[in-house]
Amino acid sequence: MRHNFPGWKVLTFPELESTNSYCRDLIHNEEVPEGTVVHALTQTKGRGQGAKTWESEPGKNLTFSVILHPVFLNPADQFLLSMIASLAITGFLDNHIGGISIKWPNDIYVENKKTAGILIENSVMHNRIESSVMGIGVNVNQDKFSAGLTSAVSLRQITGKSFDLHQCLNSLCGEIARLYRLLRQGGHEEIKRNYTSMLYRLNEECTFRSSGREFSATPKGVDETGRLIVELPGGVKKHFSLQELEFLIP
Ligand code: BTN
């Protein structure tokens with residue numbers, strides 16, 4: 001396949017359990033060059049955030065992982081990897097549709113529905129990020145999702161058109177490569193600014209749940225560690241990690 005990210009190599013498999021798991025095994029067993037892309041047409045055990053699974057109809061969507069070695073990045077700044085993955089997907093989607101945002105921390109939304117998800121698994125040793133597996137799932141040509149997945153939507157459902165998966169993979173990897181270069185060059189502020197500007201319901205009052213209690217607050221941005229900063233009615237600002245906060249979608 002021709003692509004516009006020099007040095008990157010794409011391995012496409014008809015079927016894998018999970019591209020993230022495959023990459024983790026690969027890294028464990030051998031030295032893997034940066035920019036190795038593992039792409040599966042079908043995943044039989046796709047993994048989502050936490051203990052969730054990632055549903056994707058065989059052959060219909062993009063499911064792939066990129067292996068990076070961001071040894072130049074302080075582990076305290078690793079949320080920047082989530083930010084570039086999110087921005088790469090929004091940049092790619094922007095060529096095709098509108099209404100895109102990033103639902104903190106890294107769900108990609110079109111209006112109030114999720115089009116793509118990200119699972120980043122970093123391996124930190126001696127205070128260095130030795131490797132990062134950036135797993136990405138984008139709902140592209142799927143027409144119907146299972147009944148439990150009421151918030152999922154695909155590009156085809158939104159536009160009525162089918163997309164060439166290899167072209168999508170090529171253009172998305174091009175975006176990742178571009179943003180990874182920016183990260184390596186120290187463009188932290190630019191990345192953070194762009195990520196913040198894309199945040200779902202930024203500066204709008206929303207409902208959240210934390211420690212079993214529902215409350216209203218307004219998303220204002222993220223801090224260095226990726227915690228969401230929200231402003232409570234009355235003006236006090238609080239920072240929440242993913243484990244502490246649930247975003248309740250209308
Ligand atoms: C989420 O939103 O819960 C994260 C979903 C991440 C799914 C992708 S698909 C490719 C890669 N391999 C996996 O097993 N998961 C990620």
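Things to note:
- Restricting attention to the range 43-64 and to residues that are among the polar types (S, T, N, Q) and touching a helix residue (DSSP H, G or I) at 6+ places or on another chain (Cβ under 9 Å), the residue that is modelled with the lowest pLDDT turns out to be GLN49.
- Residue match in the range 210-222 (condition: farther than 24 Å from GLU34 by Cα, in contact (Cβ under 8 Å) with a residue 40 or more places away in the chain and in a helix (DSSP H, G or I)): no
- Considering residues of the range 35-78 that are closer than 18 Å to ALA152 by Cα and acidic (Asp, Glu) only, the residue farthest from the ligand (Cβ to nearest atom): GLU57
- Number of residues in the range 104-140 that are within 13 Å of the ligand (Cβ to nearest atom), open to solvent by 10 Å² or more (accessible area, probe 1.4 Å) and among the hydrophobic types (A, V, I, L, M, F, W, C): the value is 3.
- Unmet criterion (only one of (1) in contact with a helix residue (DSSP H, G or I) (Cβ under 9 Å, 6 or more places away or on another chain); (2) over 18 Å from GLU17 (Cβ atoms)) for HIS69: (1)
- Test result for SER101, in contact with a Leu (Cβ under 7 Å, 6 or more places away or on another chain), at pLDDT 95 or above and open to solvent by 10 Å² or more (accessible area, probe 1.4 Å): yes
- Entry remark, the range 59-79: residues being in contact with an Asp or Glu (Cβ under 9 Å, 6 or more places away or on another chain) and assigned to a helix (DSSP H, G or I) number 3 in total.
- Residue within the range 3-13 that is open to solvent by 70 Å² or more (accessible area, probe 1.4 Å) and within 16 Å of the ligand (Cβ to nearest atom) present: no
- Neighbours by Cβ (under 8 Å, 6+ apart or cross-chain): first from the range 32-57, farther than 27 Å from LYS9 by Cβ; second within 9 Å of the ligand (Cβ to nearest atom) and in a loop (DSSP other than H, G, I, E, B): THR53/LYS45; THR53/GLY46; GLU55/GLY46
- Residue tally, condition more than 30 Å from THR225 (Cα to Cα) and either open to solvent by less than 40 Å² (accessible area, probe 1.4 Å) or part of a loop (DSSP other than H, G, I, E, B) (or both), over the range 141-169: 18
The values are calculated or read from the model by the stated rules, or taken from the named source; none is laboratory data. Being a predicted model, the structure only gives us computed values, none of them experimental. Note that we place each Cβ from the backbone using ideal geometry, even for glycine, and neighbour counts take in every protein chain shown. Quick note on the areas: whole protein, heavy atoms, side chains included, nothing else; ligands and nucleic acids left out. Shrake-Rupley method; radii C 1.70, N 1.55, O 1.52, S 1.80 Å.
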